[in-house]
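What follows is a single structure, written as structure tokens, with notes after it.
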Amino acid sequence: MSEANERTYFDQHARKSPRNSVRKYYAIAKRSHHYFGELIRTVSTDKEVLEYGCGIGNFSFELATVAAHVTGIDISPESVATARRRATSLDRQAMVFEVMNAEAMAFPDESFDVVVGSAILHHLDLERASAEIMRVLRPGGHAIFLEPLGHNPALVLFRKLTPSMRTSDEHPLTMRELALLKERMGVVEYRFFHLCTLLAIPFLKTPFFWKLVDALDACDDVLFRVLPPLRSWSWFVTMDFCKPGIAQPQGEDGRTRAGRGDHLFGLD
């Protein structure tokens, strides 16, 4: 990661996002973002939480309603300043925002119960980032991320046509990189989203748009279960890592989280 490039881009992003013109198309990603939000909220209850790459406090303010304490870090001074002003205006005492390099955090080892991040890992050196996340995470703690994937040809084309909407350092994650993160961060559960739902974009302004999105989300569930290789063409993936140290809970089927995660990944 080029720290200067990322800082400059996201300082500008804090003032005016270059993606405002296409923001409406992200409506089809409602399900993945809702799932991620509910997951991190549940895991963060009464915990000390780090939002990794917090921007202007993307999820920190929601998590502050349930967590014991929330810390947000970001490379962008302008984003952090905005988050601090918002926290002050809302009189949120159990929140701290810091300018910090996510690949070299200043926190002591085992500082947090939960680390969360949305669309941050694909900006970073995964070797350095994963090591830092595991270092500051307490045993038994969760690291939960929502990230874009980079295999779908339609999305690859869109990204090539819109280079100004992203930094020169970033790239959507590949399945090989997901495997690398699993190797570095241990027990993981994946969930993949949005392949068929991309077909809803032309119908954005129609009265049946949301019903169509729901139906296509259901199609994705079936496709990803029946044809695991198609998961690589999804737009987003959630990853829930758990640092070893406390016995892992079992799912309803009696399988461990690691088993369920491998199945979602198409590895068993």
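Worth pointing out:
- Pairs with Cβ under 6 Å, 6+ apart, first in region 32-61 and without any contact (Cβ under 8 Å) to a residue 60 or more places away in the chain and at positive phi, second aliphatic (A, V, I, L, M) and buried (at least 24 other Cβ atoms within 10 Å of the Cβ): Gly57/Ala83
- Residues that are under 17 Å from the mean Cα position of the chain (by Cα), among the aliphatic types (A, V, I, L, M) and buried (at least 18 other Cβ atoms within 10 Å of the Cβ) within region 155-186 comprise Leu173, Leu178, Leu181, Met185, listed in sequence order.
- Candidate set from region 180-194 (those that are free of Cβ contacts under 8 Å to residues at least 60 places away in the same chain and among the aliphatic types (A, V, I, L, M)); member that is nearest to Phe36 (Cα to Cα): Met185
- Here Thr206 meets the list (1) over 15 Å from the mean Cα position of the chain (by Cα); (2) at pLDDT 95 or above; (3) assigned to a helix (DSSP H, G or I) almost entirely, failing just condition (3).
- Cβ pairs under 9 Å, 6+ apart, first in region 144-166 and within 15 Å of Met239 (Cβ to Cβ), second in a strand (DSSP E or B) and of a type in the set (Gly, Ala, Ser): Ile144/Gly117; Phe145/Gly117; Phe145/Ser118; Leu146/Gly117; Leu146/Ser118; Glu147/Gly117; Glu147/Ser118
- Number of positions in region 230-247 that are modelled with pLDDT of 95 or more and not in a strand (DSSP E or B): 6
- Some residue of region 18-26 being assigned to a loop (DSSP other than H, G, I, E, B), under 30 Å from Pro202 (Cα atoms) and not hydroxyl-bearing (Ser, Thr, Tyr): yes
- Selected residue (criterion: nearest to Pro153 (Cα to Cα)) from residues of region 198-213 that are touching a residue at least 40 places away in the same chain (Cβ under 8 Å) and either surrounded by 14 or more Cβ atoms within 10 Å (Cβ to Cβ) or touching a helix residue (DSSP H, G or I) at 6+ places or on another chain (Cβ under 6 Å) (or both): Leu198
- So Val43, is it at pLDDT 95 or above, among the hydrophobic types (A, V, I, L, M, F, W, C) and surrounded by fewer than 22 Cβ atoms within 10 Å (Cβ to Cβ): yes
- Any hit, region 185-203, residues being among the aliphatic types (A, V, I, L, M), assigned to a loop (DSSP other than H, G, I, E, B) and at pLDDT below 95: no
- Number of the condition not met by Ile28 [criteria: (1) buried (at least 24 other Cβ atoms within 10 Å of the Cβ); (2) of a type outside the set (Lys, Arg); (3) more than 13 Å from the chain's Cα centre (by Cα); (4) within 17 Å of Phe241 (Cβ to Cβ)]: (4)
- The number of residues in region 145-181 that are of a type in the set (Val, Ile, Thr), within 21 Å of Asp125 (Cβ to Cβ) and in a helix (DSSP H, G or I) comes to 0.
- In summary, strands (runs of 3 or more DSSP E) completely within region 47-120 and bearing 2 or more residues that are surrounded by fewer than 17 Cβ atoms within 10 Å (Cβ to Cβ) occur at 95-99.
- Pairs, first closer than 20 Å to Ile201 by Cα in region 217-240, second polar (S, T, N, Q) and in a helix (DSSP H, G or I), C-beta under 8 Å, six or more apart: Asp217/Thr197; Asp220/Thr197; Trp235/Ser32; Trp235/Thr197; Phe236/Ser32
The values are calculated or read from the model by the stated rules, or taken from the named source; none is laboratory data. Just so you know, these numbers come straight off a predicted model, no measurement behind them. Ideal geometry is used to build each Cβ from the backbone, glycine not excepted, and the neighbour counts take in all protein chains shown.
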